[in-house]
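The values are calculated or read from the model by the stated rules, or taken from the named source; none is laboratory data. This is a predicted model, so every value here is computed, not measured. Cβ placement follows ideal geometry from the backbone for every residue including glycine, while neighbour counts extend to all protein chains displayed. These accessible areas exclude ligands, DNA and RNA; they are computed on the full protein's heavy atoms, side chains included. Shrake-Rupley method; radii C 1.70, N 1.55, O 1.52, S 1.80 Å.
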Amino acid sequence: MMRIMTFNLRFENDQDGSNAWNYRRHLVVKLIEQYAPDILGTQEGRLSQLDNLEETLSGYGMHTASRVLEHTCQYPTLFFKKDLFRITEGDEFWLSKTPEIHRSKDWDSAFPRMLSIATVESLESGQVFSVAVTHLDHMGRVARVKQAEIIARWVHKSAVPVILMGDFNDGPDSDAHAALANKETGLSDSWQVLGHPEGKESFTHHAFTGIPQKSRIDWILTTKPPHVRKARIVHDQFDGRYASDHFPYYVDVMWHEDQKLL
């Protein structure tokens, strides 16, 4: 079994008051270590936040490929348990008409958006696959579809199974979702694969209140294999406090359909 988690960290913002990063970063670490994903994809992390997680999380390594590091950027980022995987390739590109240009953006995108990718080999099974994390724009309706289409083209070209995760800032009934989860890409929405219902309890944004808002905007999409066996939106709180303004979402997957959960 392999556990994958996507988690929007909420960027370091002093205007968040008691929910600012310095007051809750220990909760983020506590939650991640509690659920112990083998692979973690984060969104909105600034360099200082990501460095803090890499230093604090036991046994995890951060993958940043050939990233241009800037303190003002909010990066989608992958973390791997170092004793479980060997990274064979890595890449990052911007979701724009000029993906090779640092911080480029197009259409009605409010911010530059990126896809971060790692191709890895499982040291346990020998399985080779690609993992990608992204964060689509929160304002641009056209941009989200165009950004999803760029990712879909990358998935379509992949010679190995793909796991795609992130904050897509759109619901499962959106054009962005349709551009990614279809026969051409081979991607399926892990929540839907298991037949879980859509509704308020599946919403993943809550603005630090614990009250679900907007929609189910945080997704994990996979080709087949792997096979999804469990999916959970984590609503945990710590003495009435939440680690972020999003609920993390994780899935448990297996490479062989006849495997049994331990």
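Protein heavy-atom accessible surface, 1.4 Å probe, per residue over the chain: 45 Å². With Kirkwood's inverse mean 1/r over C-alpha pairs for Rh, give me the Rg to Rh ratio of segment 157-222, two decimals please. Rg/Rh: 1.00. Could you estimate the translational diffusion coefficient of segment 81-220 from the Stokes-Einstein equation, with Rh from the Kirkwood formula over C-alpha pairs, at 20 °C and 1.002 mPa s, in whole µm²/s? Once the numbers are plugged in, D ends up at 134 µm²/s.
Considering helices alone, the calculated mean residue ellipticity of the chain at 222 nm is -6000 deg cm²/dmol, with DSSP H runs of length four and up weighted by -39500 (n - 2.57) and normalised per residue. Over the chain, what percent of the accessible surface lies on carbon and sulfur atoms, probe 1.4 Å? The nonpolar share, carbon plus sulfur, comes to 48 percent. Taking a straight Cα-Cα cut-off under 19 Å and skipping sequence neighbours fewer than 8 places away in the same chain, the lysines within cross-link reach of Lys81 are Lys30.
As a calculated quantity, the FRET efficiency between Val234 and Arg103 at R0 = 35 Å, using C-beta atoms, amounts to about 0.65. Stretching Thr72 away from Glu33 to a fully extended chain increases their span by 11.3 nm, per 0.36 nm per residue minus the current alpha-carbon distance. For Lys224, the aspartates and glutamates whose Cα falls under 12 Å of its own Cα, not counting residues fewer than eight places away in the same chain, are Asp189, Glu257.
Take the Cβ atoms of Ala65 and Thr209, set R0 to 25 Å, and the FRET efficiency comes out at 0.10.
When the P(r) of the chain is calculated, the portion above 24 Å amounts to 43% of the C-alpha pairs. Sparse packing (at most 15 other Cβ atoms within 10 Å of the Cβ) combined with a DSSP loop state is found for the following GluC sites (Glu not before Pro) in segment 158-262: Glu184, Glu198, Glu257.
Relative contact order for segment 1-160: 18 percent, from Cα pairs under 8 Å spaced at least 6 residues apart, divided by residue count.
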